[in-house]
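A quick write-up on the structure given underneath.
The values are calculated or read from the model by the stated rules, or taken from the named source; none is laboratory data. Everything quoted here is computed from the prediction, not taken from an experiment. Methodologically, a virtual Cβ is constructed for each residue, glycine included, from the backbone with ideal geometry; neighbour enumeration extends over all protein chains shown.
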Amino acid sequence: MSLTLQNVSKRFGGVVASDSVNITVPKGKITGLIGPNGAGKTTIVNMITGMLAVSDGQISVGGRDITHASADEICRARLARTFQNIRILPDNSVLENILIGFHRHEKCSTLAAILGLPSARRESEKIVKMAEELLQRFGMSALADFPAGGLSYGHQRKLEMMRALASEPEFMLLDEPIAGMNDVESDSLAELFQELASTGMGILLIEHNIRFVSKLCEYIYVLDGGRLIAEGAPTVVLRDPEVMAAYIGGEHA
Amino acid sequence: MTNILLGYQPLFDLFLLHLGMAYSQWLVLRAGVFSLATAGLAAVGAYTGGILVVSLGFPAPVALLLAGLAGGIVALGLSIPLARLRGVYQAIATVAFIQIVLSLNIYASGLTGGPQGLNGIPKTVGTVTLLIAGILTVYLMYTITNSRLGRAFDAIRQNEAVAASLGVSIVRHQTLAFIISGALAGVYGALEAFHSYALAPSQFGFTFLISILAYVVLGGRNTIIGPIVGTAILLLLPEIARPLAEARMLVYGLLLILVINYLPHGIADTLIERARARRLSARLAKSDSVATTATRN
């Protein structure tokens, strides 16, 4: 059971953005994906999450082929994501932002939802309770009724995490989750990621910050120019001459 | 006193009819569909209801249900091309749809009475029926908003990528919103037909479209009370300022420009937001210590 990319390629006309990339994200571990700007990290993220068509190869989650699935089907295959640029729903309250994360679990019929039948009301009450528990766990209960658009940056990141967790994923894709955070904030998120992994969740961490990645991941992949140039334990990979060249500029420096 | 109130009864009826149409427009906007098709779908419902009663002798309640069904089915058909479009292109496509419906009203004269309109519809709908319809409509809008559907609509409207990443099917939910909106427009079109003896082919044209849209924009797009406030203000305004009644569209235009500039979320939505902000900051001041610990974590 893992999130697997097999020989995944993406071509934009003649430009190769991803060149037969192979990545395996096992459950219960945090796997890193790093690479300099323009290495093709975002292309990989967009292909996994169904926002970009895959040219070649196969992507699967827990044995289920999601290569050509749409974004909402991928969520139902229990793969959640956060966004590089925070995307909360600014018109809604903090609590409402989490409620939408439970969408996958809402099973009442459409007619019951339209007519406001007891089954729909009970379901709504149940997910409100679950959302309140998540808020408690993240220490944000006091902010439940506030408009999400007015939250601080760190709180918005946490809110996005809670919303992704609400869908109860088996795998989570974190796209630069600590961008713009200070050390205290990123340390508390690091603890959270480790806690999630220890409960069995498989995490793919896409990050710029090499220190953060090497602290959290047992295994990392390095991407440059659309292809993997190294993989393995952080201590080994980061000493790889090709990786150092990609990051520092190599022979041109 | 009773006489004065009775004098306003036609206005109240008009308010209830237009309120239903406003909710039809409100619901699609809420789900992020920039459709203006409500006027066309109301025409479909009005003519379906009118023809069923006048030419085929159906009882009014049955015709009303079938008119709602017709509105919903036409909306379902229309949603297929609309799902491929976004924003202003959806608006243009739906305006084109209204033009088609208006042309059919005129040219299919054997069915619709053509330019003379459809006459001799028995008046079976009065204030009480309209009031019941209004209460039911508000109830349905309330339950939809507070259900998984309303939450999905909100997410899609604000960010389609987020909605999809959380498992919300955009096409399915927008189609559903459009069908409900179409059925609502169909029912209220038929109610209007059964309320007013006759239908004119251009009745659901551009002026009507703008009025309906204005109710929603002026009142507010994100609260249930928005369309009520918008419809009430825009219908009452020409009555309160009688000399302005002639310049109704001018007043509409001016008011809209003012509201869009100074209260972009609409009158009701802005007031509700402000009240909420005041309540929250008061609560925050009261439990300051709790909130700051939460912020520090």
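Worth pointing out:
Rundown of residues vs (1) in contact with a strand residue (DSSP E or B) (Cβ under 8 Å, 6 or more places away or on another chain); (2) surrounded by fewer than 24 Cβ atoms within 10 Å (Cβ to Cβ), yes/no style:
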residue: B:H18; (1), (2): no, yes
residue: B:M21; (1), (2): no, no
residue: B:V28; (1), (2): no, no
residue: B:A31; (1), (2): no, no
residue: B:G40; (1), (2): no, no
residue: B:V44; (1), (2): no, no
residue: B:Y47; (1), (2): yes, no
residue: B:G57; (1), (2): no, yes
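- Matching entry among A:I44, A:I30 (being crowded, with 23+ Cβ neighbours inside 10 Å and either touching a helix residue (DSSP H, G or I) at 6+ places or on another chain (Cβ under 7 Å) or within 14 Å of another protein chain (Cβ to nearest Cβ) (or both)): A:I30
- Checking each residue of the range A:153-161 against the condition of being within 19 Å of A:I23 (Cα to Cα) and touching a helix residue (DSSP H, G or I) at 6+ places or on another chain (Cβ under 6 Å) gives no match.
Conditions (1) modelled with pLDDT under 95; (2) within 14 Å of another protein chain (Cβ to nearest Cβ), marked per residue:
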residue: B:I224; (1), (2): no, yes
residue: B:L237; (1), (2): yes, no
residue: B:A245; (1), (2): yes, no
residue: B:L254; (1), (2): yes, no
residue: B:G266; (1), (2): yes, yes
residue: B:R276; (1), (2): yes, yes
residue: B:N297; (1), (2): yes, yes
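- Filter result (of a type in the set (F, W, Y) and in a helix (DSSP H, G or I)) within the range B:1-59: B:F12, B:F15, B:Y23, B:W26, B:Y47
- Residue in the range A:37-56 that is without any contact (Cβ under 8 Å) to a residue 12 or more places away in the chain, in a strand (DSSP E or B) and assigned by TED's automatic domain parsing to the domain that holds A:P234 present: no
- When B:T137, B:T129 are checked against the criterion of being away from chain A (no Cβ under 14 Å), assigned to a helix (DSSP H, G or I), closer than 28 Å to A:P118 by Cα and modelled with pLDDT of 95 or more, B:T129 stands alone in meeting it.
- Residues of the range A:92-118 satisfying the condition of being farther than 16 Å from A:H155 by Cα and either of a type in the set (V, I, T) or in contact (Cβ under 8 Å) with a residue 24 or more places away in the chain (or both): A:L99, A:I100, A:G101, A:F102, A:H103, A:R104, A:H105, A:T110, A:I114
- Looking only at residues in the range B:143-160 that are closer than 11 Å to A:R87 by Cβ and at the interface with chain A (Cβ under 7 Å from one of its Cβ atoms), the one that is surrounded by the most Cβ atoms within 10 Å (Cβ to Cβ) is B:A155.
- So B:I106, is it in a helix (DSSP H, G or I) and either within 14 Å of chain A (Cβ to nearest Cβ) or at pLDDT 95 or above (or both): no
- Qualifying residue in the range A:101-117 (condition: modelled with pLDDT under 95, within 21 Å of A:K10 (Cα to Cα) and charged (D, E, K, R)): no
- Residues of the range B:88-120 satisfying the condition of being of a type in the set (S, T, N, Q) and on the phi > 0 side of the Ramachandran plot: none
- Exactly one residue out of A:R163, A:R121 is among the basic types (K, R) and touching a residue at least 40 places away in the same chain (Cβ under 8 Å): that is A:R163.
- Among the residues of the range B:161-192, the one identified as surrounded by fewer than 24 Cβ atoms within 10 Å (Cβ to Cβ), more than 10 Å from chain A (Cβ to nearest Cβ) and among the hydrophobic types (A, V, I, L, M, F, W, C) is B:I179.
- Scoring A:I127 on the criteria (1) in a helix (DSSP H, G or I); (2) in contact with a strand residue (DSSP E or B) (Cβ under 9 Å, 6 or more places away or on another chain); (3) at the interface with another protein chain (Cβ under 9 Å from one of its Cβ atoms) leaves a single failure, condition (2).
- Tally, over the range A:138-152, of residues that are in a helix (DSSP H, G or I), touching a helix residue (DSSP H, G or I) at 6+ places or on another chain (Cβ under 8 Å) and more than 8 Å from chain B (Cβ to nearest Cβ): 1
- Filter result (aromatic (F, W, Y) and either outside any helix (DSSP H, G or I) or within 8 Å of chain B (Cβ to nearest Cβ) (or both)) within the range A:71-110: A:F83
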